[in-house]
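S.K.: Once you've had a glance at the structure underneath, I'll fire off some questions.
The values are calculated or read from the model by the stated rules, or taken from the named source; none is laboratory data. Note that the structure is a prediction, hence the values are computed from the model and not measured. Don't worry about glycine lacking a Cβ; one is built from the backbone with ideal geometry, like all the others, and counts go over all protein chains shown. For accessibility, only protein heavy atoms count, side chains too; no ligands or nucleic acids. Shrake-Rupley method; radii C 1.70, N 1.55, O 1.52, S 1.80 Å.
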Amino acid sequence: MSAGRRRAAYVNTGTYSTPVWAEMSRISGVQRGRSRGTSDRKYRGSPNVKTVTGYKTNTFTFKYHIKGPKFTTDAVLALLEASYEDETPMDVCFLNQKIVQPTGTFTPGANAVGVRGFVVAVKMDISEEDEEGVTYDVELREIEHEEPSGTARDIAAYSVAVTAPA
C-alpha cells in the first residue's frame with residue numbers, strides 16, 4: 001500500500017520545456033477526478049441501450065493549509081490565488097513520489113511518475129475554523145492551453161528522474 005502522504009504535487013515556475021518544480025507541500029486530501037461524458041443510443045435494430053463515450057474531464061481537489069502569521073510570503077498560495085482571480089494557467093504535476101528524495105532513501109535511476117498538464121483554479125473556498133488552521137478547499141480543472149510554439153498541451157502521463165538532495 002502506498003500512503004497518499006508519500007505522493008507529491010508540484011507547480012512549474014519555469015517554462016514547459018525547462019520546468020522548475022515548486023512542491024505544493026502544504027496540501028492534503030488530494031483527489032484526482034477522472035470522468036468521461038456519456039450518452040445513450042437507442043435504435044430499433046437492437047433491444048439494448050448502447051452507451052457512447054465522450055470527452056474526458058480531469059480535476060484535482062485538495063485542501064491547502066496556509067502558512068502561519070510569522071511567514072510573510074507563500075509563493076504557492078500566491079500562484080493559486082492568481083490562477084483563481086485572473087485565470088492564470090498553471091503547469092502542474094501530481095506524482096507517485098517526491099522528485100528529491102531524503103538522504104538514505106534515494107534510488108539511482110528511479111523515476112517519479114504521474115500526470116502533468118495545464119489547469120486553472122476554479123474553486124478557492126476558505127475555512128476559518130476556531131480551533132483549526134486556516135485552509136482553502138481548492139479545485140483545479142484542466143484548461144485549453146497552447147505553448148507559444150502553437151503546441152497544445154493536454155493532461156498526460158509524465159515521468160521525471162528522482163534526485164538526491166543537493
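S.K.: Taking LEU80 and the conditions (1) exposed (fewer than 13 other Cβ atoms within 10 Å of the Cβ); (2) at pLDDT 90 or above, which numbered condition does it fall short on, given that it satisfies the others?
M.R.: So the condition that LEU80 fails would be (1).
S.K.: Another question about this same structure. Kindly provide the set of residues from the range 19-77 that are among the aliphatic types (A, V, I, L, M), under 30 Å from SER159 (Cβ atoms) and open to solvent by 70 Å² or more (accessible area, probe 1.4 Å), ordered by number.
M.R.: VAL20, ALA75
S.K.: Right, next: Among what's in the range 129-165 and is buried (at least 16 other Cβ atoms within 10 Å of the Cβ) and touching a His at 6+ places or on another chain (Cβ under 6 Å), pick the residue that is nearest to ASP74 (Cα to Cα).
M.R.: Of everything passing the filter in the range 129-165, THR135 is nearest to ASP74 (Cα to Cα).
S.K.: List the residue pairs whose Cβ atoms are under 6 Å apart, where the first residue sits in the range 77-97 and is at positive phi, the second is among the hydroxyl-bearing types (Ser, Thr, Tyr) and outside any strand (DSSP E or B), and the two are 6 or more positions apart or on different chains.
M.R.: none
S.K.: Does the range 111-128 contain any residue that is surrounded by fewer than 16 Cβ atoms within 10 Å (Cβ to Cβ), at pLDDT 85 or above, on the phi > 0 side of the Ramachandran plot and in a loop (DSSP other than H, G, I, E, B)?
M.R.: no
S.K.: Pull out all pairs, ordered by first then second residue, where Cβ-Cβ is under 6 Å, the residues are six or more apart or on different chains, the first lies in the range 5-18 and is closer than 20 Å to ARG141 by Cβ, and the second is small (Gly, Ala, Ser) and surrounded by 11 or more Cβ atoms within 10 Å (Cβ to Cβ).
M.R.: From the range 5-18, the pairs are VAL11/ALA22.
S.K.: Within the set of pairs 6+ apart or on separate chains, which have a first residue in the range 45-62 that is over 25 Å from VAL120 (Cβ atoms), a second that is part of a loop (DSSP other than H, G, I, E, B) and open to solvent by 80 Å² or more (accessible area, probe 1.4 Å), and C-beta atoms under 6 Å apart?
M.R.: Taking only residues 6 or more apart or on different chains, the pairs are VAL49/LYS42.
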